[in-house]
Every structure is written in structure tokens, then in C-alpha cells.
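Visitor: Below: one structure in C-alpha cells.
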Amino acid sequence: MKKLNLFFLLLLSLFSCDFNNKQEHKISVGEYRDKMKAAWIGQMAGVGWGLPTEFKFPDEIIPLDKVPPWDPGMVNQQGNDDLYVEMTFMASLEKYGLDVSIRQAGIDFANTGYGLWAANRRGRENLRSGIAPPESSHPQYSDNCDDIDYQIEADYSGIIAPGMPNVPIQLGEKFGRLMNYGDGLYGGQFVGGMYASAYFETDIEKIMESGLACIPEKSNYATCIRDVMMWYKQYPDDWKKTWQLIEDKYRHSLDYQGFAAQRKNVWVPIDAKLNGAYIALGLLYGRGDMDSTIVISMRAGKDSDCNPSNAAGVLAATIGFENLPAKYKTALDYSKKFSFSDYDFNKLLEVCETFTREFIVKNGGSIEKDNNGKEYFIIPYTPPVPSTFQPSYDPGPFNPENIFSEEELEMINAYGSRNFDALFTDDEIKWTIEHCGRNVAPEEILWNEKPDVFTTTPMNSERSVKLGYRGTPLLNDGETGYLEFFAGNEGNSKWGLLVVVGYKGVLDTLIHSGKPGPSWHYIRVPLEGMPEDQTMDIALFARNIEGESAINYWTGFRVVKEE
């Protein structure tokens with residue numbers, strides 16, 4: 001009798017199991033394609049609609065009359081950094097295979113030429129400086145490791161992994177570790193886990209539970225998302241009340257900002273868990289409606305294009321392309337390439353399906369056809385195994401000897417700007433240097449009869465070397481004057497110089513004498529004074545011309561006040 005009762009209990013448990021306990025999932029290739037395509041469109045629509053509001057409302061709900069009207073062309077976000085960074089990760093997978101090493105992934109990321117900010121920027125500069133991953137994101141080397149960056153870029157990891165939650169966890173350990181740590185990493189794994197679930201589940205709360213199962217339960221990130229889910233149950237018709245509770249607990253208190261408190265950082269609105277809460281806010285209170293989901297995530301503020309992008313992508317995967325509202329599909333440009341990549345939308349879909357097929361087989365699944373030749377993905381379910389709980393405020397040990405070898409450094413086309421903080425300075429202007437190519441080591445030399453000449457080269461034909469100043473105004477408010485310096489070229493080589501002051505281009509010229517031998521060019525650009533409490537930004541860009549790789553020579557910087 002006891003054996004019989006145990007048998008019935010076993011049957012009961014099998015029949016009562018939910019999505020996450022099934023032994024395998026089955027989905028037709030056609031349905032997979034429909035959902036995968038929708039996931040990308042949702043991501044693009046969310047970021048496009050929210051883009052005009054980004055960071056304009058860092059500490060308040062965006063007023064309804066400030067929400068931009070939807071324009072179908074907003075879906076074409078191929079030039080948006082929230083999308084093209086993902087293409088770098090997928091290009092590494094495509095070129096080197098699913099088992100690409102984290103070191104190779106780091107080299108590929110270091111060689112990117114696009115603009116980056118926060119954790120992405122710090123991680124890439126660390127890599128270019130020779131710090132190998134995963135140390136490139138360790139709190140020892142990065143004050144930005146809890147930032148939102150990998151959360152923004154993790155959609156790909158779940159889109160290519162239907163029903164395989166361990167894939168976004170593992171991809172996070174490979175690509176997310178390049179720039180993020182602790183909650184910064186867990187945010188991306190949470191997002192990826194939701195996408196993996198969205199192929200087989202439509203209940204948003206269950207999808208979010210699937211995402212939570214992919215990250216450490218003790219993390220502040222998980223605590224934050226669970227709070228949002230709890231407050232949703234308490235205030236199901238008042239998302240603004242839940243927004244305020246999020247602000248009170250996770251924005252205005254340091255109780256859940258351990259890393260920032262340690263660093264005595266000024267709080268910035270790119271904390272991963274705080275913005276993750278707005279993803280959850282949109283998904284829960286949007287109740288399956290694309291417009292509502294995007295607008296609520298957007299109106300929560302902070303990084304108000306990234307959050308609706310993640311939320312809309314997950315929701316769209318549950319809806320599928322055929323059932324998406326037409327306004328999100330009609331203007332999609334299928335042939336426009338994502339910036340800094342070889343992928344247009346059609347190629348993106350092809351590559352994603354290739355990865356999915358490979359991951360299914362790698363994880364013990366199969367691809368089968370029925371009697372009518374219809375293909376199905378048979379995907380065994382394996383419960384997620386989250387990464388080790390290691391918060392940024394209590395990090396694990398770091399290995400200072402984990403640096404790139406000389407051979408690996410030769411594969412990286414740019415130096416890290418941190419190496420040159422102390423170089424190329426004068427009494428007034430302390431320059432930072434970015435995207436400086438390795439084919440000419442930056443150094444001070446005697447050249448063309450001038451001492452203290454600094455040499456650089458652009459990292460590649462697509463990315464200019466940048467000399468930047470950001471700091472106290474160089475002239476007082478009401479004063480006018482000039483930034484003066486000399487720029488040089490050798491032989492018949494030529495390079496382009498662009499000078500930007502306060503984000504406005506003031507000079508675009510060619511450094512080329514048209515004669516053999518080295519030459520100097522006197523550069524003089526206007527400056528206007530500013531109040532002391534404001535920041536002055538100056539950027540000098542040197543770009544290669546017509547495929548040449550010219551050496552850039554710089555010297556004699558000074559600021560002259562106009563009398």
C-alpha cells in the first residue's frame with residue numbers, strides 16, 4: 001500500500017508541475033522564428049520610443065504630456081548603442097563558436113570603435129590597458145561595475161536560448177563579466193532568463209520568476225524585483241505608488257547601495273537593480289499591452305529608453321510577430337545594417353537561429369520533423385544554476401597577474417586611456433586620450449625642431465583618436481579667447497582634425513601641406529568663458545584619410561585670453 005501511495009504521489013507531482021519543472025519543451029521552428037523576430041522588434045521599438053526622454057527625468061515620473069508620440073520609424077534603431085553592442089557579442093560567437101573564450105571575447109570588445117559610457121567604457125578601457133577578463137570588471141578596477149550596462153545588452157542571450165535558462169547565465173559569465181560585477185551582472189542574467197522563458201510562457205509573473213531563478217537569491221537585485229512583485233499585488237491599480245516605494249527604498253536610502261556607499265560615490269541614475277525595477281514595473285502594470293508596457297517603463301524615468309526596450313522585448317516574445325500591433329512593424333527597415341556590424345535585420349535573424357540550433361544540440365536537445373516535414377525544436381529543460389553570489393560591496397579576490405600576454409595585446413588595436421592620464425599635460429589643460437592605435441606608441445619626442453611633441457595614431461579607419469578635456473572652464477564667465485596648438489604631419493601623409501567645444505564642432509580641417517617633408521599647422525579655435533560651477537568639454541579628433549595610417553603630432557597647447 002505504501003508503494004502504491006508513493007506511485008500516486010509521484011504521478012500527482014508530475015501532473016501539477018509548472019513550466020519550469022517540465023522535462024522538455026517542444027516548439028515548432030515557425031513559432032520560434034515568429035517569437036524571436038518579435039523579441040528583436042520589441043527591443044527596438046522600446047528603445048526608439050523612449051530615446052527622446054533618456055535621462056531627462058532622473059528623479060521623477062515623466063509627465064504624460066512629455067511622452068513623445070509614437071512614430072513607426074522609431075523602430076529603426078540600428079544605430080543605437082543599446083543594440084549594436086549585442087552585435088559584438090554575437091559576432092564573437094559566430095567567428096569563434098559557442099565556446100569562445102572570455103579572453104577572446106574581451107579582445108573583440110576592446111577592439112570596438114563605438115562610443116561607450118559607464119561600465120562599458122571602464123571595462124573596455126581596462127581591457128585595452130591590458131587587464132584581462134574577468135578582472136576587467138572587478139570592483140578593484142571599476143567604480144561602475146554595478147551599472148546598468150550588461151542589463152541593456154543581455155537580450156540576445158535569452159533570445160537565442162528558448163527554454164534554456166542556463167545559456168544566458170553562462171553567456172553572462174562570458175560577456176557580462178567584461179564590464180559588470182555583482183548586481184550589474186545579475187541584471188543581465190535576469191533579463192536573459194526572462195526571454196528564455198517567454199517562448200513558452202505568457203504569464204508575466206511566472207516569466208519574472210523564471211528570470212529570478214537565474215540569479216542569486218541573496219542579491220540586492222533579486223530582493224528589489226521581488227519587492228516590485230509584492231507591491232504590485234498590494235497596489236495592482238496604482239503603478240505610481242509602487243514607483244514611489246521603489247524610490248524610497250532603493251534610491252533615497254543607502255541600505256541597498258552598499259558598493260556606492262563604500263566608494264562614497266555621488267549616486268547616478270544607472271544602478272542596475274533600480275532600472276531593473278522599472279523593467280518589472282512596465283511588465284507587471286502593462287498587463288500584456290505593448291503600449292502600456294513601454295510607456296510605464298519609460299515614464300518611470302532614469303534610463304528611460306533602455307528599460308522599455310528590455311520590457312517590450314520580453315513581452316513581444318510572448319506575443320509573436322504575427323500578433324504584434326501593425327504600428328510596430330510597418331516601417332521596419334530589413335536591409336539597414338546595425339552600426340559597427342555586418343548584420344542587417346534579416347542576417348540577425350539567420351544568425352540567431354543558427355545559435356539556437358547549436359545550443360539545442362549542445363544541451364542535449366534535438367531538431368525533428370513530423371510526417372509533413374514540419375520542423376520542431378525539442379529542448380530538454382535543465383533547472384537554472386545561478387552564478388555564485390558575489391556582490392560588488394563584498395567582492396571575491398582579484399588576480400593582479402591576470403593580464404593579457406604580449407601576443408594578446410598585439411591583437412588589440414587600441415591603447416587604454418588610463419595609461420596616459422599623467423602624460424601630455426600643461427598647467428591649464430590635462431588631456432585624456434582614447435582610441436589611440438597601437439601601431440604608434442604614444443610618447444613625447446623631439447620632432448621637426450620642436451620639443452615635447454606627442455605622437456598618436458587612430459585605432460582604425462572607423463574610429464578617430466580622441467584627445468579630451470573635461471573640467472573647470474579655462475576662461476571665466478564673460479571672457480573670450482582661443483585654444484592654440486600645433487598639429488603636424490610627416491612627408492606627404494595627411495590626417496583629418498576635428499575640434500569640438502561644448503559638443504559643437506568649431507573646426508574640421510586637413511593636416512596636410514601638399515609638400516614633401518614634415519610640416520606644422522598652427523591651430524587656433526575660439527573659446528568662451530563659463531561659470532565656475534559648469535564643466536567645459538573640449539575634444540580633438542584625429543582621423544585617418546583615404547585608408548592611410550598617419551602619425552599625428554601635437555604640441556604647444558595653450559589658452560589665450562582675448563583682451
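Visitor: Hey, can you tell me all the residues within the range 129-170 that are among the small types (Gly, Ala, Ser), crowded, with 24+ Cβ neighbours inside 10 Å, touching a residue at least 40 places away in the same chain (Cβ under 8 Å) and farther than 20 Å from Leu83 by Cα?
Guide: Ser136, Ser137, Gly163
Visitor: Touching a Leu at 6+ places or on another chain (Cβ under 9 Å), of a type in the set (Phe, Trp, Tyr) and at pLDDT below 95 - does that describe any residue in the range 240-251?
Guide: Yes, some residue in the range 240-251 is touching a Leu at 6+ places or on another chain (Cβ under 9 Å), of a type in the set (Phe, Trp, Tyr) and at pLDDT below 95.
Visitor: If you scan the range 508-527, which residues turn out to be hydrophobic (A, V, I, L, M, F, W, C) and closer than 16 Å to Trp554 by Cα? It would help to see each step written out before you state the result.
Guide: Within the range 508-527, the subset hydrophobic (A, V, I, L, M, F, W, C) is 510-511, 520, 523, 525, 527.
Of everything in the range 508-527, those that are hydrophobic (A, V, I, L, M, F, W, C) and closer than 16 Å to Trp554 by Cα turn out to be Leu510, Ile511, Trp520, Ile523, Val525.
Residue-by-condition table, conditions (1) under 20 Å from the mean Cα position of the chain (by Cα); (2) small (Gly, Ala, Ser); (3) on the phi > 0 side of the Ramachandran plot:
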| position | (1), (2), (3) |
| --- | --- |
| Val67 | no, no, no |
| Pro72 | no, no, no |
| Asn76 | yes, no, no |
| Gly79 | yes, yes, no |
| Val85 | yes, no, no |
| Leu93 | yes, no, no |
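Visitor: Looking at Leu127, is it over 13 Å from the mean Cα position of the chain (by Cα), at negative phi and of a type in the set (A, V, I, L, M, F, W, C)?
Guide: Details: over 13 Å from the mean Cα position of the chain (by Cα): yes; at negative phi: yes; of a type in the set (A, V, I, L, M, F, W, C): yes.
For Leu127, the condition - over 13 Å from the mean Cα position of the chain (by Cα), at negative phi and of a type in the set (A, V, I, L, M, F, W, C) - is met.
Visitor: Right, another one. Residue check: is Val385 farther than 30 Å from Ser219 by Cβ, modelled with pLDDT of 90 or more, surrounded by fewer than 14 Cβ atoms within 10 Å (Cβ to Cβ) and over 23 Å from the mean Cα position of the chain (by Cα)? Spell out the reasoning first.
Guide: Working: farther than 30 Å from Ser219 by Cβ: no; modelled with pLDDT of 90 or more: yes; surrounded by fewer than 14 Cβ atoms within 10 Å (Cβ to Cβ): yes; over 23 Å from the mean Cα position of the chain (by Cα): yes.
The answer is no for Val385.
Visitor: Is at least one residue of the range 27-39 more than 30 Å from Asn372 (Cα to Cα), modelled with pLDDT of 95 or more, surrounded by fewer than 24 Cβ atoms within 10 Å (Cβ to Cβ) and among the aliphatic types (A, V, I, L, M)?
Guide: Let us first name the residues in the range 27-39 that are more than 30 Å from Asn372 (Cα to Cα), namely none.
Among the residues of the range 27-39, not one is more than 30 Å from Asn372 (Cα to Cα), modelled with pLDDT of 95 or more, surrounded by fewer than 24 Cβ atoms within 10 Å (Cβ to Cβ) and among the aliphatic types (A, V, I, L, M), which makes the answer no.
Visitor: Please determine, by comparing only the residues of the range 462-496 that are of a type in the set (S, T, N, Q) and touching a Ser or Thr at 6+ places or on another chain (Cβ under 8 Å), which one is modelled with the highest pLDDT.
Guide: Step one: filter the range 462-496 for residues of a type in the set (S, T, N, Q), giving 464, 472, 476, 480, 489, 492-493.
Narrowing the set further to residues that are touching a Ser or Thr at 6+ places or on another chain (Cβ under 8 Å) leaves 472, 489.
Numbers: Thr472: 90, Asn489: 93.
Residue satisfying both the conditions and the ranking: Asn489.
Visitor: When you scan the range 64-85, do you find a residue that is under 21 Å from Ala132 (Cα atoms) and either outside the structural domain of Ser464 (by TED's automatic domain parsing) or in contact (Cβ under 8 Å) with a residue 12 or more places away in the chain (or both), even just one?
Guide: yes
Visitor: May I ask you to say which residue of Asn413, Asn399 is in contact with a Lys or Arg (Cβ under 9 Å, 6 or more places away or on another chain) and either at pLDDT below 95 or outside the structural domain of Thr455 (by TED's automatic domain parsing) (or both)? Walk me through it before giving the result.
Guide: Numbers: Asn399 fails: in contact with a Lys or Arg (Cβ under 9 Å, 6 or more places away or on another chain).
Asn413 is the lone residue from the list that is in contact with a Lys or Arg (Cβ under 9 Å, 6 or more places away or on another chain) and either at pLDDT below 95 or outside the structural domain of Thr455 (by TED's automatic domain parsing) (or both).
Visitor: Of all residues in the range 298-316, count the ones that are under 13 Å from Gly42 (Cα atoms) and surrounded by 24 or more Cβ atoms within 10 Å (Cβ to Cβ). Quick ask: steps written out before the conclusion?
Guide: First pass over the range 298-316, keeping only residues under 13 Å from Gly42 (Cα atoms): 305-316.
The next check asks that each one be surrounded by 24 or more Cβ atoms within 10 Å (Cβ to Cβ); those that pass are 306-316.
Looking only at that region, the number is 11.
Visitor: If Gly517 satisfies all but one of (1) assigned to a strand (DSSP E or B); (2) more than 17 Å from Thr457 (Cβ to Cβ); (3) not β-branched (Val, Ile, Thr), what's the number of the condition it fails?
Guide: The one condition Gly517 does not meet is (1).
Visitor: Inspect all residues belonging to the range 233-254 and state whether any of them is within 24 Å of Tyr150 (Cβ to Cβ) and of a type in the set (Ser, Thr, Tyr).
Guide: yes
Visitor: All but one of (1) farther than 21 Å from Arg438 by Cβ; (2) in contact (Cβ under 8 Å) with a residue 40 or more places away in the chain hold for Gly505; which doesn't?
Guide: (2)
Visitor: Can you name every one of the helices (runs of 4 or more DSSP H) wholly within the range 238-321 that holds 2 or more residues which are in contact with a helix residue (DSSP H, G or I) (Cβ under 6 Å, 6 or more places away or on another chain)? Show your work before the answer.
Guide: On the way: elements: 239-246, 258-263, 272-286, 290-299, 306-319.
Ranges flagged: 239-246, 272-286, 290-299, 306-319.
Visitor: May I pose another question? Pairs only if they're at least six apart or on different chains, beta carbon under 8 angstrom, first in the range 339-350 and over 8 Å from Met87 (Cβ atoms), second of a type in the set (Lys, Arg) and in a helix (DSSP H, G or I); list them, first residue then second.
Guide: Leu349/Arg33; Leu349/Lys37
Visitor: Within the bounds of the range 469-482, is there any residue that is of a type in the set (Asp, Glu), more than 28 Å from the chain's Cα centre (by Cα) and assigned by TED's automatic domain parsing to the domain that holds Pro526? Even if it seems obvious, please write down each step before you answer.
Guide: In the first step, residues of the range 469-482 are kept if they are of a type in the set (Asp, Glu); the result is 477, 479.
Going one step further and asking which of them are more than 28 Å from the chain's Cα centre (by Cα), we end up with 477, 479.
Filter once more, so that each one left must be assigned by TED's automatic domain parsing to the domain that holds Pro526: 477, 479.
Yes: one or more hits.
Visitor: Check Gly547, Gly496, Gly505 and return the single one that is loosely packed, with under 15 Cβ neighbours inside 10 Å, assigned to a strand (DSSP E or B) and within 31 Å of the chain's Cα centre (by Cα).
Guide: Details: Gly547 fails: assigned to a strand (DSSP E or B); Gly496 fails: loosely packed, with under 15 Cβ neighbours inside 10 Å.
Result of the check over Gly547, Gly496, Gly505: Gly505.
The values are calculated or read from the model by the stated rules, or taken from the named source; none is laboratory data. Since this is a predicted model, take the numbers as computed values, not measurements. FYI the Cβ positions are ideal-geometry reconstructions off the backbone, even for glycines, and counts take in every protein chain you see.
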